[in-house]
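Student: Got a structure for you, questions after.
The values are calculated or read from the model by the stated rules, or taken from the named source; none is laboratory data. Source: prediction; values computed, not measured. No Cβ is skipped: glycine too gets one built from the backbone with ideal geometry, and neighbour counts run over all protein chains shown. The accessibility values were calculated without ligands, DNA or RNA, using every heavy atom of the protein model including side chains. Shrake-Rupley method; radii C 1.70, N 1.55, O 1.52, S 1.80 Å.
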Amino acid sequence: MPEKQLPTAAVTNPVIPGFHPDPSVCRVGDDYYLVCSSFEYFPGIPVFHSRDLVHWTQIGNALDRPSQLRLPTEMSSSGGIYAPTLRHHDGRFWLIVTNVAEGEGNLLFTATDPAGPWSEPVRLPGVKGIDPDLAWDEDGTCWCTIAGVSQVRIDPSTGETLGEPRPLWSGGVDAMAPEAPHLYRIGAYWYLLIAEGGTERGHGVSIARGTSPSGPFEPCPHNPFLTHRGTNRPVQNTGHADLVQAPDGSWWMVLLAVRPRGGTPGWHVLGRETFLAPVEWVDGWPVVGEVPSELPVPAWPLVPVPTEPVRDDFDLSELRPQWISVRDRLVEHCTTKERAGWLTLSARGASLDERDVVFVGRRQQHLTCEARTRVDPAEGRGGLAVRLDEEHHYAIEASAGEVRMLARVGPLRTVVASRSVPAGPVVLGLRVSPTPARDARTGPDTLTFGVEEPDGTFTELGALDGRYLSTEVAGGFTGRVIGLYAGAGTVHFDWFDYEPLGS
Ligand code: 6LW
């Protein structure tokens, strides 16, 4: 392993950078746990732990077996797992989520340890819609509230609905997409927190309260009480929030937001990220100021988490939880056991365009970063890619004696450059860096791909504008994932480096 380590995390927002949207949080004693959406990636639903709300470490993925997570190939990118809610009740962790793939729907899982294992799914065929929330009242009744916003009582042990769903409250007049509901008992009231305005620049958070979990609800006079719409703040799209109280009684909110960069209209390339904001209560309503890029230091000692090593040497029998694959991870396509100390990928789909591509990567979490890999293409073809979805990706790949840089943007596919290399293993590299301001059309960043020569120098093959791998261009709900793939035959990877560079 090289000596180089990632720099120690500072108190900066986002607290979980990169494609980590729709955060849901709960606290048990001094420990906080948080989950996010994962869409077409397997394993699904990353689970994080923190002792201070600021520093988070990924302790697993809740859905790590095919019996829990079915992501069929008919489903396109940004399908699959949407918006989980995580709660602790009666000595257990409860996770409710929608798998939007055909025939799946709302699913409920439990665990005694949030690092896993999580149970098999309990199916909720009577709960129709996305963004399910779980709350229990004093009688032990379990209320499931979903986007729209509507609510139904359920038996969480069987998934059975008890009675008919009822509409609750849908936020502001004419506001689009009332979603992401969470219901809480706080003091004398039940609070219904929702997102509205859509997950784009109009996103916001609103709240209503009542004395019963089933309403009626009186809206907060200052709704949306959090939104960055129409501002020139560096953090945008603030919404989809969840509340949590710290042991000292202070209140906090986790939420999703994005960091658009470049000229107009601004492009965000890391997906929707998890931010933290302090919450004050005034007259029984929450108040959240601007969600800042630099967080005020909380009133308790910070508990930094170990930094991630730059290099993954593929020395372990299992991949670390940060590694995610498209749709599934079958051992016949992805293993560290075939060649000791190497990751072996065996192709299925012939390219990153395919929904069944054998691709395994990690979220790009920093605006400026580098990635490198040493690949032995053997008789096959494969390499290093930045994937936004099956229609938007850049890559550099090796086959015997040749390296090619490839790009796909919507319907356009091209070989950007190619060169010959000696047969055998080759080091492929990628650098992501902000694009220097030029005019109102400056892109967010530039992605440069190349080959490392035997003397360690980097020879560039090509550089492309990163806007084409942004959500504003590609659409959807995910973010960039940087990783390794096999396009033909069996390809071996000796190591993979991911290194943030001062962002
Ligand atoms: C999610 C919805 C949303 O279901 O985006 O921003 C959808 N909020 O609540 C997918 O993440």
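Student: Give the accessible surface of segment 16-87 per residue, rounded to a whole number of Å², with probe radius 1.4 Å and ligands, DNA and RNA excluded.
Tutor: Counting only protein heavy atoms, the per-residue value for segment 16-87 is 23 Å².
Student: Right, here's the next one. If a paramagnetic tag sat 7 Å from the Cα of ARG419 along the Cα-Cβ line, which residues of segment 387-405 would have the backbone N under 13 Å from that point?
Tutor: Residues passing the 13 Å test: 402-405.
Student: In nm, to one decimal, how far is the ALA437 label point from the VAL28 one, both placed 7 Å along Cα→Cβ?
Tutor: It is 4.9 nm.
Student: Right, another one. May I have the convex hull volume per residue, in Å³, for the Cα set of segment 19-242?
Tutor: Roughly 135 Å³ of hull volume per residue.
Student: OK, next. What is the packing order of peptides 40-53, 294-307, 21-34, taking the mean over residues of other C-beta atoms within 10 Å and listing the highest first?
Tutor: Details: 40-53: 23.0, 294-307: 12.7, 21-34: 20.8.
Order by mean packing, descending: 40-53, 21-34, 294-307.
Student: Between GLU294 and ASP155, 0.36 nm times their residue separation minus their Cα-Cα distance comes to what?
Tutor: Here the segment from GLU294 to ASP155 would lengthen by 45.8 nm.
Student: On to the next question. Using a probe radius of 1.4 Å on heavy atoms only, what accessible surface per residue do you get for segment 98-241? Whole Å² is fine. Mind dumping the intermediate values first?
Tutor: Details: 5860 Å² over 144 residues.
Accessible area per residue: 41 Å².
Student: Evaluate the distance, in nm, between pseudo-label points positioned 7 Å from the Cα of GLU102 and of THR231 along their respective Cα→Cβ axes.
Tutor: About 4.3 nm separates the two model spin labels.
Student: Now a separate question. To the nearest 20 Debye, how big is the dipole of the chain about its Cα centre, given +1 on the beta carbon of each Lys and Arg and -1 on that of each Asp and Glu?
Tutor: Working: 42 positive and 63 negative charges, 142 e Å.
That gives a dipole near 680 debye.
Student: When the accessible area of the chain is split by element with a 1.4 Å probe, what percent falls to carbon and sulfur? Intermediate results must be reported in sequence, preceding the final value.
Tutor: Working: 9900 of 18980 Å².
Ligands and nucleic acids excluded, carbon and sulfur give 52 percent.
Student: Go through 430-443, 56-69, 255-268 and give me the packing order, highest mean Cβ count within 10 Å leading. Each step should come with its number before you reach the end.
Tutor: Details: 430-443: 15.1, 56-69: 19.6, 255-268: 21.2.
The packing order, highest mean first, is 255-268, 56-69, 430-443.
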